[in-house]
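In what follows, a single structure is set out as structure tokens and then discussed.
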Amino acid sequence: MKTLRRKKTMFAIAAALAAAAGALASGLFFAPGCRLVESTADTLADATAGTAASGLFRGAARAAESFRDYSLAEEHYIGRAVAAQILSQFDNRIHPNQQLQSYVNLIGQAVLSAPEAQRTLTGYHFIVLEGDPVQAVSAPGGFVFVTEGAIRQAKDEDEIAALLAHEVAHVSLKHGIKAIKSETRKNSLALLAQSAGQIVVEAGKQSGSAQSQQLAELTAVFGDAIQDITGDLLVKGYSRDLEFEADKIAMVYLKSSGYARAALASYLKKIGALGTGGKGGWFETHPSPQERIAELGDLAAATNPGRDLRRGRYGKTLGG
Amino acid sequence: MKTMKKNWHRGIWAALVALPLAGAAAAWAAEQLIVIEREAAIRKDKRSYSPKLAAAREGERVNLIRREEPWLRVEYKGVEGWMNATSVTDNPRVVLSSEAAASGVRATEQSAAGRGFTPEVEREYRKNNPNLEAAFKLLDQIEKKWVYPDETVLEFIRKGQLAEFAPGGEK
């Protein structure tokens, strides 16, 4: 009798332990925060559970309900293709002055000393393009483009920093990625689920033609995503709200990195004074500088003790 | 009646044993974070260009000690230091790059390493868009050659009186 009781007790403990282990295995105890691809992961889990057929079906069905989030790795490849489109639009005219490229890159890297800025797979790259139109644009994954015209409009290093901080904010806030239309997201999610389901369940049984078909489908959806982003970036421009949000976050980066926050307002003021008549570039993709300065509020008036000192190296590089 | 009472007691004991164990398991699980940058620095201090103590590769795991957002105190291969919170995820099924999969670094069995939008997809996209080939080649060069070591950036920051070298806060 005593042995039986002991056995029952042991069984109860084992059952409780099994329950705890089950909860752990299901990820119940994973702490919140840092979830970059949660919705993808959940759908992927559904798709890979059970048989390949039911997994695929459920994956595709769930995809219709949830948005696709992209990891840093995927953002990187999306960003490269968007960056290639941007470069191509500028006839691949990367500015030949290496000293200028290095200087602008170092300013960008200094802005990134702000720990609030989102990291990317391989870091940020700041690329100066030849051309007079005042233009700055960023692709997901940290590819930031500025024209020589935009750089020349800056009266000092801090204004260049402000311009770059605004673009870094677009990358950090994933504005490019958010431009991917929901339909494209759904399609890419369904394909990811399909890919994972086949790899996990069929473990190498997939034929070469099925793999090529899958790659072709994924590439088509990838192309759609690139088109969605470049459509927003280079044709329509981001919404006013996204531009204001990028300005607000740029101010955080400027403060953290030690650059003058007032530089964003002073740069915008200068751009505003250029007027919009036939200038193209910046004016086609952003709300008016006057509106943006008004949104920045009192923070724009702060003074920075190191700003004058940095004007020296700005003049040396840009010959001002 | 007596048997029921004893069974109830046994249930309490089982719960008392299981709960701390579940708590310990939860603590263990919460400590595990997966690196999602190609190479994430573990730094001496909570500063972006503070001396690098170690570098964890994409897909590797670090142990979380505590959070001080946007920084995390972590342990990696016996080295303790600070890491940017956006360099890691706690999602075990995060989509990693093909490079992470090829190097044998794989966070979990569920991790979708090498799937989704990968270099293979980019290669196909490039085949379909030959007009972008020159641009992609320029990007390859930029990614490979335009690299700025921490020391160079830190010197630029120091000379420009930026970040921790700023003479005083904004007024």
Exception for A:V168 within (1) under 22 Å from A:I271 (Cα atoms); (2) surrounded by fewer than 19 Cβ atoms within 10 Å (Cβ to Cβ) falls at (2)
Assuming B:V79 fulfils every condition listed in (1) modelled with pLDDT under 85; (2) more than 10 Å from chain A (Cβ to nearest Cβ); (3) over 20 Å from A:L121 (Cα atoms) apart from one, which condition is it? (1)
Could you list, in sequence order, the residues of the range A:79-114 that are within 25 Å of A:A220 (Cβ to Cβ) and at pLDDT 95 or above? A:G79, A:R80, A:A81, A:V82, A:A83, A:A84, A:Q85, A:I86, A:L87, A:S88
Inside the range B:50-69, can you point out the residues that are over 23 Å from B:E151 (Cβ atoms) and not in a loop (DSSP other than H, G, I, E, B)? B:R61, B:V62, B:N63, B:L64, B:I65, B:R66, B:R67, B:E68
Going through (1) touching a Leu at 6+ places or on another chain (Cβ under 7 Å); (2) farther than 19 Å from A:F145 by Cα one by one, A:A210 fails only at (1)
Looking only at the range A:263-287, count how many residues are modelled with pLDDT of 85 or more and small (G, A, S). 5
The range A:181-217 - residue that is farther than 21 Å from B:N128 by Cβ and within 9 Å of chain B (Cβ to nearest Cβ) and, of those, modelled with the lowest pLDDT: A:V200
Is at least one residue of the range B:109-120 within 20 Å of A:Q118 (Cβ to Cβ), at the interface with chain A (Cβ under 7 Å from one of its Cβ atoms) and modelled with pLDDT under 95? yes
Quick check on my filter: what residues within the range A:128-155 are in a helix (DSSP H, G or I) and among the small types (G, A, S)? A:G149, A:A150
(1) touching an Asp or Glu at 6+ places or on another chain (Cβ under 7 Å); (2) modelled with pLDDT of 95 or more; (3) away from every other protein chain (no Cβ under 11 Å) all hold for A:G141 apart from (3)
Residues that are modelled with pLDDT under 90, touching a helix residue (DSSP H, G or I) at 6+ places or on another chain (Cβ under 6 Å) and assigned to a helix (DSSP H, G or I), drawn from the range A:218-239: A:L218
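The values are calculated or read from the model by the stated rules, or taken from the named source; none is laboratory data. Values in this document were obtained by computation on a predicted structure and should not be read as measured data. Here the Cβ is made from the backbone with ideal geometry for all residues, glycine too, and neighbour counts use every protein chain on show.
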